[in-house]
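**Student:** Submitted below is the structure of interest, expressed as structure tokens.
The values are calculated or read from the model by the stated rules, or taken from the named source; none is laboratory data. Values in this document were obtained by computation on a predicted structure and should not be read as measured data. All Cβ positions, glycine included, derive from the backbone under ideal geometry; neighbour counts span all protein chains shown. Ligands, DNA and RNA are excluded from the accessible area calculation, which covers all protein heavy atoms including side chains. Shrake-Rupley method; radii C 1.70, N 1.55, O 1.52, S 1.80 Å.
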Amino acid sequence: CGGVGFLPFWRPKDLSWNRIETRNSSYADVIYTDGQFYAIDHMGNVVVCDVLEANPTDQARIIARFSPKLWYKKELYLVKSSSTDGEPFLVVTRDNIPNYEDEQGFELDKPIYGTTEFQVFELVSTAGGEKEITSRWKEIKNLGSRSIFLGHSSSMCLQNNKLAPGIKPGHIYFTDDAWAAYVEIPEGGSKDIGVYNLEKGVTAPLYDAPLRLSRTCPSLWITPNF
């Protein structure tokens, strides 16, 4: 909202959008869980916005920091954790940032990209004040009965008992959300779609039909009412 640095929200009966000041960076992902909005920006700051109060705060509160060593040249996602222990979210990284140079360093006419790896992290501990926060993260190698869905719509983490037949637990389902492809590649985007086995580090096609590329319409996940 307003370029870089603001998050807006609206509640029933509000006469206008409410703007939360953050002053950090543009945002990579936002989720709503347990009556609060959680968000992660492109600098690795995880913030919480409490919007249930009659007069909600106009400033987001940083609750953790995700190390640049973990997200350098990667996209960031924030997913609701289905676990009852610890923090209510997980952070996922994806190596699909478009590259504008070839292996020799020469500039390309159009970007190249394609996801080869995901990593999933949970927050172990955090210490210090908001300006001097240090956080420790633990990488998760096995999702167990959970599956994660990512893309240019809401990020989701679901338990096996809430999955449709054919959905594999322990996998990450992803759509193409690299905007550079949609606006800079003549044939458009939507080629970077698949299913990632987190434990084995292997990617498979999402479906057997030919990919349908687009210049304007990224694929979206449809969430049923469970």
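**Student:** Using a 10 Å cut-off on Cβ atoms, rank the peptides 69-76, 132-139, 146-153, 33-40 from the highest mean neighbour count down. Spell out each step's value before the answer.
**Tutor:** Values: 69-76: 15.1, 132-139: 13.1, 146-153: 20.8, 33-40: 16.8.
Ranking the peptides 69-76, 132-139, 146-153, 33-40 by packing returns 146-153, 33-40, 69-76, 132-139.
**Student:** Can I ask one more? Work out the length of the dipole vector of the chain about its Cα centre, built from +1 on the beta-carbon of each Lys and Arg and -1 on the beta-carbon of each Asp and Glu, and round it to the nearest 20 debye. Kindly include the intermediate steps, with their values, before the conclusion.
**Tutor:** Working: 23 positive and 29 negative charges, 117 e Å.
Value, rounded to 20: 560 debye.
**Student:** Taking the DSSP beta bridges in the chain as the whole, what percent of them are antiparallel, to the nearest 5?
**Tutor:** Counting DSSP beta bridges with both partners in the chain, the antiparallel share is about 95 percent.
**Student:** In addition: If you roll a 1.4 angstrom probe over the protein chains with everything in place, what fraction of the accessible area of region 127-226 belongs to carbon and sulfur, to the nearest %?
**Tutor:** Taking all protein chains in place, region 127-226 shows 55 percent carbon and sulfur surface.
**Student:** Strictly over 27 Å apart at the Cα level, which of Lys168/Lys191; Lys110/Lys138; Lys138/Lys191; Lys69/Lys168; Lys80/Lys110 would you flag in this model?
**Tutor:** On the way: Lys168/Lys191 21 Å; Lys110/Lys138 36 Å; Lys138/Lys191 31 Å; Lys69/Lys168 30 Å; Lys80/Lys110 35 Å.
Pairs exceeding 27 Å: Lys110/Lys138; Lys138/Lys191; Lys69/Lys168; Lys80/Lys110.
**Student:** Counting Lys and Arg as +1 and Asp and Glu as -1, what is the net charge of the other residues whose Cβ lies under 10 Å from the Cβ of Gln119?
**Tutor:** Charge balance in the 10 Å sphere: 0.
**Student:** Among all the aspartates and glutamates, which ones have a C-alpha under 13 Å from Lys73's C-alpha, if same-chain residues fewer than 8 places away are not counted?
**Tutor:** Output for Lys73: Asp95, Glu117.
**Student:** How much accessible area per residue does the chain have, counting only protein heavy atoms and a probe of 1.4 Å, in square angstrom? Intermediate results must be reported in sequence, preceding the final value.
**Tutor:** On the way: 13170 Å² over 226 residues.
Spelled out: the 1.4 Å probe surface of the chain, per residue, equals 58 Å².
**Student:** If you don't mind, there's one more thing I want to ask. Near the amide H of Ile140, under 5 Å away, which other amide H atoms are found, from residues 5 or more places off or on another chain, if H is placed in the peptide plane?
**Tutor:** It is Val120, Phe121, Glu122, by chain and number.
**Student:** Now for a separate question. Among residues other than Asp109 whose Cβ falls under 14 Å from its Cβ, what is the net charge (Lys/Arg +1, Asp/Glu -1)?
**Tutor:** -4
**Student:** For region 20-39, list residues with backbone N below 16 Å from a point placed 7 Å from the Cα of Arg61 toward its Cβ?
**Tutor:** 20-22, 33-39
**Student:** May I pose another question? Sort region 109-226 into rounded, prolate or oblate with this rule: let a ≥ b ≥ c be the square roots of the eigenvalues of the Cα gyration tensor; rounded if a/c is under 1.5, and if a/c is not under 1.5, prolate when a/b is larger than b/c, oblate otherwise.
**Tutor:** It comes out oblate by the Cα gyration axes.
**Student:** Given an 8 Å cut-off on Cα distances and at least 6 residues of separation, report the relative contact order of region 135-193 as a percent. Intermediate results must be reported in sequence, preceding the final value.
**Tutor:** Details: 74 pairs, mean separation 17.6, N = 59.
Relative contact order of region 135-193: 30 percent.
**Student:** Further, regarding this structure: Set the Förster radius R0 to 41 Å, insert the Cβ-Cβ distance between Leu70 and Lys13 as r into 1/(1 + (r/R0)^6), and round the FRET efficiency to 0.05. Mind showing how you got there, number by number?
**Tutor:** Numbers: r = 41 Å, r/R0 = 0.99.
Step by step, r from the Cβ atoms, then E = 0.50.
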